[in-house]
Structure formats: structure tokens, C-alpha cells
Amino acid sequence: MDFASNCKYQMFFGRNWNSITCKGLALIVIALFLRVVLLPSFSGYGGIDKNNHDLVHSRSLSLDSDNGIRKDKFLEVPQIVWGLNNQKIAFARACLTARMLNRTLLMPSLSASLFYKEIDRLQPISFDKVFQFERFNSLCNGFVQLGSYADLRNQTGVYELQKGSGRKWTVERDLDQLKQLSKDPFDGYEVIRIVGKNPFLWHDHWPVKDYARVFECLVLVDEIAREAGRVVSKIREVGKEMSSRFGSSQSDFGPDSSLLEPVPYVAVHMRIEIDWMIHCKKLERKLNVSEICSSKQEIMERVGNIGGLKGPTVVYLAVADSLLEDSSILTGWKEGLLPVEKNKLGVDGIYKKHPYLIQSAIDYEVCSKADVFVGNSFSTFSSLVALERTQKMIRMGVTSSCGADVRWPSYAYNILGESNGPHKWMTNMSDSSLKAISYGSNIITC
């Protein structure tokens, strides 16, 4: 009989309980028993089992956790392309994908030029040449994280993932693929590299409020911000000259208007260029709606009917370059409204020295800073400006633009509103997907 059996025999039959060795063995058995029974209740103190392992992964998939993003695991995505706001959405989607995997997003390349089909002609530009890298990480700390390639330790290989595509690649399959990436063996790789489609074309799994949080962290580099500031200053300068010339009070954009405040202006994102009109007519037929396209005359009339607008007021027209030579966009406006665009302002030189992406970023900033913004609810550019302005209103405690004068108001000229004016526009931040923005339905109605 071996030692353990001998102790067991003695314990059961009540003999030699004073044996020190047997007492020691008994204490060990009791300790092991208590560990098995009680430890699962205290797994947060270092116990690791299968359930706890799954819990770790479920936390990494949660969009409500602010426990921080791992800085030793990375996600790499393809070059981000197309228009400025398509690129902003694609960037935010890449950030949220990295967050879902509890990984830092390697700083992606944006595209300075605009070529929709000729990918080889796209001019790459580093993210930190447009937006402030450190500022982004500071503002989004704990939510999403950007990293540089210098942060890589190259301790493991790179896992390359081909993003699914086609009709059979459903939202559910895409989400399941992402969940698998958060588990071993994939999670063990230092870098997961997604190849294939531009992130703008990836399936969307995140609510509007998460996109908005990423957008808030995007701050233009000082050089571009100064250029936009010069344009805004010129617009206000023209408005001040008008006010002095006509001796009239400025527009009443809210209850706190004051002569000491900067001269207000209206910004209109005017989509009437030929390629847009072709696109929106097709979209109207596809969706069986009639409130997407707007003629130049309709835009002018509806802007002129915005309540509270008192002349003289400068109206900045954010238009495509193809319309700058069309002098008719500056005529036919309601008396008291002075329409200007970059050529008439004399700031076209500011734009011309920059590539397409920077020009768009300047116009975006000019529109977002306007006292009143009017755009098309089916335009990505207009929709993101309205979203940013909605965020500003929410920060001020405003939850509705209906029935009251508010600061940072936005309007959709393609939808008829009060007094034959444009429809008041606040982004519905409770939407479960950014998809609504692409189809003009992301508007809180009064």
C-alpha cells in the first residue's frame, strides 16, 4: 500500500490521526477542494478558464467599453480613396473595425486626388498631413487608437485577410468573420492586414453615434485650418462692408445675436453640376422619390424663405469647380442676400495651391463654421456637415431644432419645409447604422 492509500486507510478507520504527514496531506486536499469550488466566483482576481477567456473576447467586441485599446496589436487597411467625406467615413469604419478587434489602427494613407476608376492614378497622402495625429489620439483616447509603422516590433508574421465581396457576402457573414479574427490563432498575430476593398465599401456594423465620436477627433492640421480661417474671414469681411454700406441690422440667427459678434453668413452646398444631376435623377427613379434633385431656382427660392434671415447677408456657395464659370449661380437671389463663391471672394488662389482633398477640407470647414448651413440631405458632404453641427447643438444641450431659434441650424433644401423654405435638419443620432445618411433619411422631423 502506497503512502497516500495508507493515510486514506488510517483516516477512514480513525487511527493515527496525529500523524503530521497525514495531516499535511489532508490540508492540501481541503485546499484543492476549496479552490475548485470557490475560485470561479473570483475569476476576476486572476482565475482563467474557458468562460473567462470568452468574456475577454466579448469585451473586445463591445462598443461601449472604454477600457483602452491594445497598443501592441495592430490592424492595417488598404489606401482610403474617393471624395473627402467618403474617405472620412471609410477612415471611421476602419477605426471602429480596429476597436472591435481591440487593436490599434495603423495610420492609413488617404488620397489627395480624385479618380473613381483609375486607382493607379490616386495620389496618396499621409493621414497626418491632413489631420492632427496626436490630437486624434488625445481626443479619442480609450475609444479608438491610431499607431504608426514605427510602433511595430515584428515579433510575429502578418496575417493577411481578403475581405469578402459579392451578394453572398452578407452583413452577418462579415460580422462573423470579424468575430473570428478576435480569437486565436488570428489574435496572436501582431498585425492583421485587410486587403481588397476600400473600407468605405465594407459592411457597416456601427451606430451613427460611434461614427460621430470618431469624426469629432478629426482636427485639421494648422496649415489647412489657417487656410480655411482666411476664407471665413474674407466672407465676414464682405458681410461687414455690406452692413456698413446699407446701414442694416444683421440676420437674426438666434436670441443671442450681438453687434460684437462676428458678422454671420450662410453657407450653401449647391449640388447642381451635371454629373450630380444625372446621379440624383437615377436615384430618384430607383427609390421612387422626388425629393433628391433640386434646381438652381428651387435652391435660391427656398434659401430666401428661411425664417429670420434679414438682409444684408452673405451667402457663400460651396460649388464644384465646373460651376465657377457659370455667372448665373450669382443672380436671381432674394434681395438682401449677397451670393459669393471662391472666385468672387478672391480666395481662389488659396484653393488652387492645394490638391483636391485639401480644397474639399477647406470648403467643409467653411460650411461647418457658417451661422446657417443649407445642403442636400442625399449628399455625403452635406450630411457630414449637418452631423457635425448636430453634435455641436447637442453639446449645448439642444436636442431639437423644431419650433425655436437655435445656434448652428442646418437645413435640407431638397425637402420642403415651413413657409416654402428648406426643411430644418438635425441628424438622428440614434440610428443603428450610417446607411441612413446615404439615403437622406437621417433627419429628425418636426
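Just so you know, all these numbers are worked out from the coordinates, no wet-lab data involved. As the structure is a computational prediction, the values presented were derived from the model and not from experiment. Because the Cβ atoms are built from the backbone with ideal geometry, glycine has one as well, and the counts that use them run over all protein chains shown.
Per-structure values
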read-out	value
Residue-span extension gain [Leu175 to Asn420] - 0.36 nm each, minus C-alpha spacing	83.8 nm
Student exercise, region 344-442 dipole from Lys, Arg, Asp, Glu Cβ charges, in Debye to nearest 20	180 debye
Viscosity 1.306 mPa s, temperature 10 °C, Stokes-Einstein D of region 195-250 from Kirkwood C-alpha radius, µm²/s	103 µm²/s
Selection of trypsin sites (Lys or Arg not before Pro), region 123-186, meeting DSSP coil and at most 15 other Cβ within 10 Å	Arg153, Arg167, Lys168, Lys183
